[in-house]
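Take a look at the structure set out below.
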Amino acid sequence: MASVIALPARVDLSASIDLRDRLLSGSSDVTIDASSVNILTTPGLQVLLAAKPHLAADSRALTIDAPSAEFLSCLTSFGTDLSAIQTEGAAP
């Protein structure tokens with residue numbers, strides 16, 4: 001069963017540290033609920049991008065669930081999309 005991590009409305013440096021710690025402490029697949037995100041800052045994106053290969057190396061999946069329009073817009077502003085974050089085979 002996947003562990004679910006709900007992102008806060010603002011994924012800034014403080015939230016990114018908590019997110020990193022939660023991602024590193026788990027041992028199962030991870031589903032990130034991005035439905036409440038209004039702002040994704042650079043540290044948040046960095047943690048999400050770094051999580052993909054880290055989890056994949058442990059044969060763990062990373063899925064972004066219900067991304068808000070703002071979350072997707074922030075990804076676009078950074079020049080990336082969900083495929084850069086989710087592991088292969090993860091639901092869009």
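Quick rundown of the values:
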{"read-out": "Length released on extending from M1 to I17, taking residue separation times 0.36 nm less the Cα-Cα span", "value": "3.4 nm"}
{"read-out": "Förster radius 25 Å - calculated FRET efficiency between S25 and S77 (Cβ-Cβ, nearest 0.05)", "value": "0.25"}
{"read-out": "For the chain, built as a Gaussian network whose Cα springs stay under 10 Å, the top-fluctuating residue of A66, A34, A51", "value": "A66"}
{"read-out": "Pairwise FRET efficiency - D33 versus A84, Cβ, R0 = 22 Å, nearest 0.05", "value": "0.75"}
{"read-out": "Binned Cα-Cα distance frequencies in the chain - 10 Å width, integer %", "value": "18, 58, 23, 0"}
{"read-out": "Residue among T42, T31, T76 with the largest mean-square fluctuation in a Gaussian network model of the chain, springs linking Cα atoms under 10 Å", "value": "T76"}
{"read-out": "Share, in percent, of DSSP beta bridges within the chain that are antiparallel, nearest 5", "value": "0"}
{"read-out": "Which of I17, I64 has the fewest Cβ neighbours within 10 Å, and the rest in rising order", "value": "I17, I64"}
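Any read-out appearing in this document is the output of simple, stated calculations on the displayed coordinates, not a laboratory observation. Please read all numbers here as calculations on a predicted model, not as lab measurements. Using ideal geometry, Cβ is built from the backbone for each residue, glycine included, and neighbour counts are taken over all protein chains shown.
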